[in-house]
Structure formats: C-alpha cells, structure tokens
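Structure, as structure tokens:
The values are calculated or read from the model by the stated rules, or taken from the named source; none is laboratory data. As the structure is a computational prediction, the values presented were derived from the model and not from experiment. For neighbour counting, all protein chains shown are included, and Cβ atoms are generated from backbone atoms with ideal geometry for every residue, glycine included.
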Amino acid sequence: MVRKTLYFIMPAHARNLSVVDAPLARLFDELTEMDVSEAAIYDVKLAVQELCTNIVNHAYEGEPGKIRLRITVYDEPPCVVITSQDEGLSTFNPTEWTPPTLDEPQVHGLGLYLIHQLMDEVTYQPSPGNNCWRLIKALGEASESADSTAPPTQVVTDAQESTDAVNT
C-alpha cells in the first residue's frame, strides 16, 4: 500500500542538485513516522543525490535537460522506490561496469558503487531518448544494504516498462 509519493522535475545542472533536499526532507519526516532508522534514511538520501549527480554528469554532460523523480514510500512491504527518468545520453552499459577497487583513493567514480551499496535493488532501462533508473530500499529487517559486494545493475530492455515505472 502506498503511503506517500513525491514527484518532481528538476533542471539537470550541478547547481540544482540541492533542489532535491526539500522534497527529501518531507520524505524523511514520513520515514521517521514509520520508525525507519536514521541510517536507512541517510542511505536513501545519499543514493538519490548520487543518482542525480550521475545523470547530470553522464547523461547530460553539462547540456540542459530535466530529471524527473518519483519517490514512493510503501507500507507493505515497507520500502522506498525511487524512479528517475531523463532524456540524456544512453551510453552507459551496465554489463561493462565493474565496482571500483577501494585499495586506492578515488575522487570520482564511486557514485554507482555507492548506490549499489545503499540500495537493495538497482535497475537501469535505456531506450533512445529515455533513461530510466529504479532503486528500491527495503525498510526494516528486509534491508540488505549492508552487503559488502555491489550487485550487478539489472538491465530492462522493454521500453514500455520504463514509461510505466515512472508514470505509475
């Protein structure tokens, strides 16, 4: 059952990345009422920020565009589902992505790795002119984000499923 849904559109520019903070604060109030741990709330916030940063830097590469975000909190099963949609480049190939080695310090390249560590499910669906990411964070005992290995990104190839994921 849906407890709360936030939907917003933001300009895909680095200076606008803080725009997500206000809607996320409302979401965190809802999660706090559900007795969700501060750690899980932080995981969701960081994953959303990393996702938006990656879209700005990689999908749009500094060009103008928009990021559409839908964040839904469910009571049963208790989870948060984050869906993003953008019209940037679809050059990312998850089958070629490997988690970074953490033996040496890195300044860049940790965003997707962090998203995988913080979320329980990560799905990417590219299609011409449309990228869709779907992140799921289980809340409570079902959460598995403490796993030390980043699972592979699931790739969905049916273009209709991407549209449905954002529009539902």
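Couple of notes before you dig in:
- Test set (1) touching a Gly at 6+ places or on another chain (Cβ under 7 Å); (2) more than 22 Å from G140 (Cα to Cα) - L89 fails condition number: (1)
- Any chance V81 is in contact with a Ser or Thr (Cβ under 8 Å, 6 or more places away or on another chain) and not aromatic (F, W, Y): yes
- Qualifying residues in region 63-91 (those that are aliphatic (A, V, I, L, M) and within 22 Å of K45 (Cβ to Cβ)) - the one farthest from the chain's Cα centre (by Cα): V73
- K45 in contact with a Leu (Cβ under 6 Å, 6 or more places away or on another chain) and either at positive phi or of a type in the set (K, R) (or both): yes
- Residue match in region 146-157 (condition: surrounded by 20 or more Cβ atoms within 10 Å (Cβ to Cβ) and either under 13 Å from the mean Cα position of the chain (by Cα) or at pLDDT 90 or above (or both)): no
- Scanning region 20-42 for any residue that is at pLDDT 90 or above, polar (S, T, N, Q), surrounded by 13 or more Cβ atoms within 10 Å (Cβ to Cβ) and farther than 23 Å from Y124 by Cβ turns up at least one such residue.
- Candidates K66, K137: the one that is within 20 Å of E38 (Cβ to Cβ), at pLDDT 70 or above and either out of contact with any Phe, Trp or Tyr (no Cβ under 7 Å at 6 or more places or on another chain) or of a type outside the set (S, T, Y) (or both) is K137.
- Taking the listed residues I67, I41, I115, the one that is in a strand (DSSP E or B) and in contact with a helix residue (DSSP H, G or I) (Cβ under 9 Å, 6 or more places away or on another chain) is I67, with no other qualifying.
- Any chance Y60 is of a type in the set (F, W, Y), closer than 20 Å to E121 by Cβ and more than 14 Å from the chain's Cα centre (by Cα): no
- Taken over region 118-135, the criterion of being over 10 Å from the mean Cα position of the chain (by Cα), over 16 Å from A59 (Cα atoms) and part of a strand (DSSP E or B) is satisfied by no residue.
- P94 being exposed (fewer than 12 other Cβ atoms within 10 Å of the Cβ) and either in contact (Cβ under 8 Å) with a residue 40 or more places away in the chain or under 10 Å from the mean Cα position of the chain (by Cα) (or both): no
- From V19, V36, V44, residue being of a type outside the set (F, W, Y), more than 28 Å from W97 (Cβ to Cβ) and either touching a strand residue (DSSP E or B) at 6+ places or on another chain (Cβ under 6 Å) or in contact (Cβ under 8 Å) with a residue 60 or more places away in the chain (or both): V36
- All positions within region 1-16 that are in contact (Cβ under 8 Å) with a residue 60 or more places away in the chain, over 18 Å from Q85 (Cβ atoms) and loosely packed, with under 13 Cβ neighbours inside 10 Å: M1, V2
- Flag if L24 is free of Cβ contacts under 8 Å to residues at least 60 places away in the same chain and of a type in the set (A, V, I, L, M, F, W, C): yes
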